[in-house]
Structure formats: structure tokens, C-alpha cells
Amino acid sequence: MKNKIKIRDFYITIDRCLIYKKYGIISDTHIGFDVLFGEGGANFPNLQKDEVVKNALNIIEKYKINTLVINGDIKHNFMPYKREIEFLREFISILNDYVDLILIRGNHDSSLPLDVVDYLKLGKYLIFHGDRMLDDDVINKSEFFILGHEHPSVKLRDEVGAVVKFPIYLIYENKDLKDNNLKGYVVLPAFNPLSPGNDLINNSPSSKIIRTGYLDAEVVAITEIGLLNFGKIKEIREFSKFLL
């Protein structure tokens with residue numbers, strides 16, 4: 001089975017990371033996800049940051065990248081908890097020892113004590129979080145989006161009723177060359193393995209940007225045996241009807 005698949009001139013990988021030249025692009029690290037439980041009184045171990053750091057260092061070494069782009073929702077909580085900010089500074093400090101970092105603002109990144117940008121343009125690719133659309137003058141100069149925000153996943157039920165949920169890459173190519181307003185895109189899975197995924201078989205996308213055309217988008221799932229192309233969303237939905 002494949003651990004990376006070429007799309008256009010970039011690769012999607014089993015490591016929840018897109019590779020373009022010497023850039024690694026991830027999304028939705030949600031540092032501080034575990035802090036929220038602790039603030040609520042739960043006895044929840046603060047191990048999540050270490051897991052995200054370990055996974056980030058793995059892709060830096062494995063794919064020999066020079067620059068790591070975090071495409072939004074770098075932190076988790078809307079309220080700036082002190083412990084979360086400490087975790088965040090540690091996270092960024094560790095990564096800065098290995099690569100150049102580019103941080104893109106997501107909807108969770110209010111009061112972020114770091115330098116962030118709203119988007120990054122790499123050749124014909126426009127990288128932004130995806131919770132909101134950018135200005136037309138930025139959008140019109142790009143032909144393909146690299147997005148986060150959605151935490152895309154699919155939940156499937158087998159013939160004996162067992163349910164399995166897979167994080168996915170959602171890939172849409174605009175085949176209608178006359179419609180310049182409809183851009184192609186890839187939506188990255190959440191890099192934080194604890195972050196819940198939006199099951200696009202049973203739910204609509206939360207991002208308005210991908211609602212047009214998403215039923216025709218290809219699903220590439222991250223599984224224990226590698227990356228698997230499950231086909232289009234609309235095809236999986238039709239197939240799932242027979243297993244309910």
C-alpha cells in the first residue's frame with residue numbers, strides 16, 4: 001500500500017502532511033486541546049503537545065523539509081489559558097530549532113502571541129485555513145487551494161455493524177474550465193490525532209468554501225495499511241445506504 005500519493009506536483013502522505021518541494025504543510029495542530037479538559041476539572045494527562053511535537057519532528061526528518069507551514073488552528077481554545085500559551089511557546093520553540101516556520105491564522109488563533117499571516121502563496125497554490133474566503137484579488141490569482149479547518153473524515157459501517165472512522169484528504173479538481181470561480185482544492189486532515197473529524201458521509205462541510213463541488217471530491221483515507229482512495233463522496237454515500 002502507498003504511504004504517499006502524488007497529486008499535481010505535490011504529495012499527500014500517510015503522516016497527515018502535504019509535501020511540496022521543500023515545504024511540509026500541516027493543519028489544525030490544536031495545541032491546548034487537552035488543557036481544556038484540565039480547566040474543566042477532569043484528570044486528563046497533558047500529553048497531547050508531546051505527541052504533536054513527535055509527529056512534526058518525524059515528518060521534518062522523514063521528508064527532509066526546510067520549511068513547515070501550519071495552516072491554521074495552531075492552538076485550540078478561544079479563551080487564552082496560561083497553560084495553553086506555555087505549551088504553544090514550547091511547541092514553536094522546539095520546531096524552530098529544526099525548520100523555518102510559517103504560521104497561518106485560523107479561527108481558533110485569536111490572541112495568538114506569535115507572528116501569523118492570513119495566507120501563503122506558493123506558485124499556483126494558495127494556502128489558507130478555510131474558515132472564511134479571502135479577498136477576490138488574492139483568490140483570482142490562484143488556481144488551487146490548500147485548506148484546513150474541516151478536519152475531514154469518513155465513518156463507514158461494515159456488514160456486521162462495526163463502525164470505523166478514517167481521517168481523510170478531500171481532493172477536488174475543477175473540470176469545468178469555463179467556471180473560473182470554482183477552484184480546485186485539497187483539504188488536509190487535522191494533524192492533531194485527538195481532534196474530532198467531521199464525517200462527510202453523514203454531514204455537510206462546515207466550510208462554505210468547499211460546499212460547492214464537495215460531493216464530487218475524491219476521498220483518500222489514512223488507514224493502518226496506507227493511503228486508500230475510497231472514491232468520491234457521493235459514491236461512498238450511495239454505497240453506505242446498503243450497509244445501514
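Taking into account only those residues within the stretch 77-93 that are surrounded by 14 or more Cβ atoms within 10 Å (Cβ to Cβ) and within 21 Å of the chain's Cα centre (by Cα), which is farthest from residue 52 (Cα to Cα)? Top of the filtered list is 77. Of all the listed residues (96, 107), the sole one being out of contact with any Asp or Glu (no Cβ under 6 Å at 6 or more places or on another chain) and either closer than 20 Å to residue 217 by Cα or among the polar types (S, T, N, Q) (or both) is 96. Checked against the criterion of being among the hydrophobic types (A, V, I, L, M, F, W, C), surrounded by 14 or more Cβ atoms within 10 Å (Cβ to Cβ), in contact with a helix residue (DSSP H, G or I) (Cβ under 9 Å, 6 or more places away or on another chain) and in a loop (DSSP other than H, G, I, E, B), the candidates 112, 101 yield just one match: 112.
Looking only at the stretch 142-184, residues that are closer than 18 Å to residue 238 by Cα, modelled with pLDDT under 90 and touching a helix residue (DSSP H, G or I) at 6+ places or on another chain (Cβ under 8 Å) come to 4 in all. Restricting attention to the stretch 198-221, does a residue exist that is small (Gly, Ala, Ser), over 19 Å from residue 128 (Cα atoms), part of a strand (DSSP E or B) and under 18 Å from the mean Cα position of the chain (by Cα)? Yes, some residue in the stretch 198-221 is small (Gly, Ala, Ser), over 19 Å from residue 128 (Cα atoms), part of a strand (DSSP E or B) and under 18 Å from the mean Cα position of the chain (by Cα).
Rundown of residues vs (1) touching a residue at least 40 places away in the same chain (Cβ under 8 Å); (2) among the aromatic types (Phe, Trp, Tyr); (3) under 15 Å from residue 27 (Cβ atoms), yes/no style:
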site: 71; (1), (2), (3): yes, no, yes
site: 77; (1), (2), (3): yes, no, no
site: 83; (1), (2), (3): yes, no, no
site: 87; (1), (2), (3): yes, yes, no
site: 90; (1), (2), (3): yes, no, no
site: 94; (1), (2), (3): yes, no, no
site: 113; (1), (2), (3): no, no, no
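The values are calculated or read from the model by the stated rules, or taken from the named source; none is laboratory data. Given the structure is predicted, the values throughout are model-derived calculations rather than measurements. Positions of Cβ are generated from backbone atoms using ideal geometry, with glycine treated the same way; all protein chains shown enter the neighbour counts.
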